[in-house]
Amino acid sequence: TGGSRVDDPGTANTGVGARTYDDRGAYEYQPGGSPTPTPTPTPSSPTPTPTSPSPSPTATGAENPLTLYFTDTTTPALSGARKMVPVEPAAETSHQNVFGTATGWGSVWPGGNGTAWSAAGSEPAVNTHGFLYDATELAGVTLLAGSYAPSLKVKVASNGVSASFTTRVWLRHSDGTFALLAKYDSGTVTLTTTPRTIAAWSEVQAQTDTTTATGDRLFLDLAADIVTNTAGSATNAFTMSLNGGAAESLVTPGYTTPAGAGS
């Protein structure tokens, strides 16, 4: 390296001859020099253990929603009522509710009504001549909060009539009393001698979670407020269709059965 040889007192002499401290290697050692650092190996990064992705949360929707069809079949569980059933009927029928030249409120009976229209100034009380789901399926369950979707098909005997229909869904208890679950208003619609399907409703009251008891049944009734009536016919009437399928039905929000209960 160009430097003279020196004796490093910290290193034992291993040479021979007159100077036993001479370094016989290709390069002589120089005291005070920086030793060549020994490279430290860089540890390799551990391979991360793959983790399973967290499952996406499953959206919770309505459970057991029912589509119930309005039939022309009577039920022994409630005199004057027609059945709602979960199986679509095959042959459409119809019945008339006579209102003549009247205006105002009255009850609409699915099975028909030939008595004088009540022409009341306000919505009538529950009308037991409605539709009853008389199966035991909805007893001892929780009816889920949400909206019903009713659909009606109706026409009039003579043109010149507009009316607003109200659909009310009730829980009929085993003692014969009724508790209102939900309520819908059609707004004023023009009726003609051609059947009109009413499927767009404003929600007046939505259903909240409701626990049912043994003997409880789902019930629906109808009322109408005749707004205009220029036909001048004493026999004018609503003709309501039944047994016709989806146009005459009620879709429910659904229900849950308590854990451990049977279906």
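The values are calculated or read from the model by the stated rules, or taken from the named source; none is laboratory data. Just so you know, these numbers come straight off a predicted model, no measurement behind them. Cβ coordinates were reconstructed from backbone atoms using ideal geometry, including for glycine residues, and neighbour counts include every protein chain displayed. Keep in mind that these areas ignore ligands, DNA and RNA; they rest on the heavy atoms of the full protein, side chains included. Shrake-Rupley method; radii C 1.70, N 1.55, O 1.52, S 1.80 Å.
Being surrounded by 18 or more Cβ atoms within 10 Å (Cβ to Cβ), of a type in the set (A, V, I, L, M, F, W, C) and over 22 Å from residue 195 (Cα atoms) is true for just one of 119, 125, 81. Which residue is that?
Details: 119 fails: surrounded by 18 or more Cβ atoms within 10 Å (Cβ to Cβ); 125 fails: surrounded by 18 or more Cβ atoms within 10 Å (Cβ to Cβ).
None of the others qualify; the one that does is 81.
Could you tell me which of the residues 161, 108, 141, 87 is aliphatic (A, V, I, L, M) and closer than 15 Å to residue 222 by Cβ? Please lay out each step first, then the result.
Working: 161 fails: closer than 15 Å to residue 222 by Cβ; 141 fails: closer than 15 Å to residue 222 by Cβ; 87 fails: closer than 15 Å to residue 222 by Cβ.
The match here is 108.
Against the conditions (1) closer than 24 Å to residue 244 by Cα; (2) surrounded by 13 or more Cβ atoms within 10 Å (Cβ to Cβ), where does residue 202 fall short? Just the number, please.
(2)
Filter segment 209-255 down to residues that are of a type in the set (Ser, Thr, Tyr) and surrounded by 15 or more Cβ atoms within 10 Å (Cβ to Cβ), then give me how many there are.
8
Any residue in segment 243-263 that is closer than 13 Å to residue 89 by Cα sitting within a Cβ distance under 6 Å of a residue that is in a loop (DSSP other than H, G, I, E, B) and modelled with pLDDT of 90 or more? List the pairs, counting only those 6 or more apart or interchain.
Hits for this filter: 243/89; 243/91; 243/92; 244/92; 245/88.
One line per residue, one yes/no per condition, for (1) in a strand (DSSP E or B); (2) touching a Ser or Thr at 6+ places or on another chain (Cβ under 6 Å); (3) of a type in the set (A, V, I, L, M, F, W, C):
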{"position": "215", "(1), (2), (3)": "no, yes, no"}
{"position": "218", "(1), (2), (3)": "yes, no, yes"}
{"position": "223", "(1), (2), (3)": "yes, yes, yes"}
{"position": "231", "(1), (2), (3)": "no, yes, yes"}
{"position": "235", "(1), (2), (3)": "no, no, no"}
{"position": "238", "(1), (2), (3)": "yes, no, yes"}
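Tell me which residues, restricted to segment 96-105, are at positive phi and either part of a strand (DSSP E or B) or open to solvent by 30 Å² or more (accessible area, probe 1.4 Å) (or both).
Initially, segment 96-105 is screened for residues at positive phi, giving 100, 104.
Hit for segment 96-105 is 104, nothing else.
Consider residue 180 carefully, then state whether it is farther than 30 Å from residue 232 by Cα, open to solvent by 10 Å² or more (accessible area, probe 1.4 Å) and among the hydrophobic types (A, V, I, L, M, F, W, C). Can you show your working first?
Numbers: farther than 30 Å from residue 232 by Cα: yes; open to solvent by 10 Å² or more (accessible area, probe 1.4 Å): yes; among the hydrophobic types (A, V, I, L, M, F, W, C): yes.
Spelling it out, residue 180 is indeed farther than 30 Å from residue 232 by Cα, open to solvent by 10 Å² or more (accessible area, probe 1.4 Å) and among the hydrophobic types (A, V, I, L, M, F, W, C).
Going through 190, 136, 167, 194 one at a time, which residue ends up being in a strand (DSSP E or B) and open to solvent by 50 Å² or more (accessible area, probe 1.4 Å)?
Among 190, 136, 167, 194, only 190 is in a strand (DSSP E or B) and open to solvent by 50 Å² or more (accessible area, probe 1.4 Å).
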